[in-house]
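See below for the structure under consideration.
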Amino acid sequence: MLLRRATAADAPRIGQLFYDTITQVNCADYTAAQMAAWRGGWQNLPGWEAKIGSQHFLVAEDEATRTLSGFASLATDGYLDFLFVSTRHQRRGIAGQLLLALVAHATCLGLTSLYTDASVTARPFFAHYGFTVEREQQVVVRGVELPNYRMVRSVPLFPASSSK
């Protein structure tokens, strides 16, 4: 699996993966109306390009086929905005690789904590990686309430190397 910085050229594939994941993975935890509202902006290429340009935005690709397997992004204030893995690549460690790459970047930025608005579906994943629930939320997207969780975790400082 190749992790690399996203470019504007990736925006159409990112939007499609976003749509597919909400439709095929999050369907167990959200109603049809909630999923339709959530995925509503999936074709907004200028919106995706703006996020790619303003955040530390990574994509995961299969090295042989260049198939997009996932994407994740981190804003400079420590907000983990996106973390999505395609339906065909679930449970292969891709989300963990993306998250750990963002934690490493956060460390380089000198951030002391990360926060995210985790979906009902993603909450167990984030808990596994040390995030704790700060509060349950009901966000309104395109007029529809969606439950999610504000979750936070500290960014560990790399231990100083010891000299003997």
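Each Lys and Arg adds +1 at its Cβ and each Asp and Glu adds -1 at its Cβ; summed about the Cα centre, the range 83-164 shows a dipole of about 320 debye. Just name one of THR112, LEU83, GLN138: the one whose Cα is farthest towards the positive end of the charge dipole of the range 66-164 (beta-carbon charges, Lys/Arg +1, Asp/Glu -1). Going by the charge dipole, the pick is LEU83. With a cut-off of 13 Å between beta carbons, the residues surrounding SER69 carry a summed charge of +1, where Lys and Arg count +1 and Asp and Glu -1.
Only protein atoms count toward the accessible area here, which uses a 1.4 Å probe; on the chain, the carbon and sulfur part of that area reaches 54 percent. The dipole here belongs to the chain: it is taken about the Cα centre, uses +1 on the Cβ of Lys and Arg and -1 on the Cβ of Asp and Glu, and is about 300 debye. Treating the Cα atoms of the range 9-80 as identical point scatterers in vacuum, please give the log10 of the normalised Debye intensity I(q)/I(0) at q = 0.11, 0.13 Å⁻¹, two decimals. Log10 I(q)/I(0), no solvent term: -0.30, -0.42. Restricting the GluC sites (Glu not before Pro) of the range 12-88 to loop positions (DSSP other than H, G, I, E, B) with no more than 16 neighbouring Cβ atoms within 10 Å leaves GLU63. Summing Lys and Arg as +1 and Asp and Glu as -1 over all other residues whose Cβ lies under 11 Å from the Cβ of TYR30 gives a net charge of -1.
With a sphere of radius 13 Å drawn around the Cβ of LEU98, what net charge do the other residues whose Cβ falls strictly inside it have (Lys, Arg +1; Asp, Glu -1)? Walk me through the intermediate numbers first.
Values: positive: ARG4, ARG5, ARG92; negative: GLU61, ASP81.
Spelling it out: positives minus negatives among the neighbours equals +1.
Accessible area per residue (1.4 Å probe, heavy atoms of protein chains only) ranks TRP38, TRP48 as TRP38, TRP48, with the largest value leading. Applying the Karplus relation 6.51 cos²θ - 1.76 cosθ + 1.60 with θ = phi - 60° to the range 64-81 yields 3J(HN,Hα) values of 6, 9, 6, 6, 6, 9, x, 7, 7, 8, 9, 7, 5, 8, x, 7, 7, 7 Hz, where x marks Gly and Pro. Taking the helices alone, the chain has a mean residue ellipticity at 222 nm of -9500 deg cm²/dmol, built from -39,500 (n - 2.57) per DSSP H run of at least 4 residues and averaged over all its residues.
Ranked by the mean number of other Cβ atoms within 10 Å per residue, highest first, peptides 65-73, 105-113 order as 65-73, 105-113.
Accessible area per residue, 1.4 Å probe, Å², for the range 1-83: what's the number?
Numbers: 3680 Å² over 83 residues.
Per residue, the range 1-83 has an accessible area of 44 Å².
The values are calculated or read from the model by the stated rules, or taken from the named source; none is laboratory data. All values derive from a computational prediction rather than experimental measurement. Note that each Cβ is placed from the backbone with ideal geometry, even for glycine, and that neighbours are counted across all protein chains shown. Note: accessible area is taken over every heavy atom of the protein model, side chains too, but ligands, DNA and RNA are not part of it. Shrake-Rupley method; radii C 1.70, N 1.55, O 1.52, S 1.80 Å.
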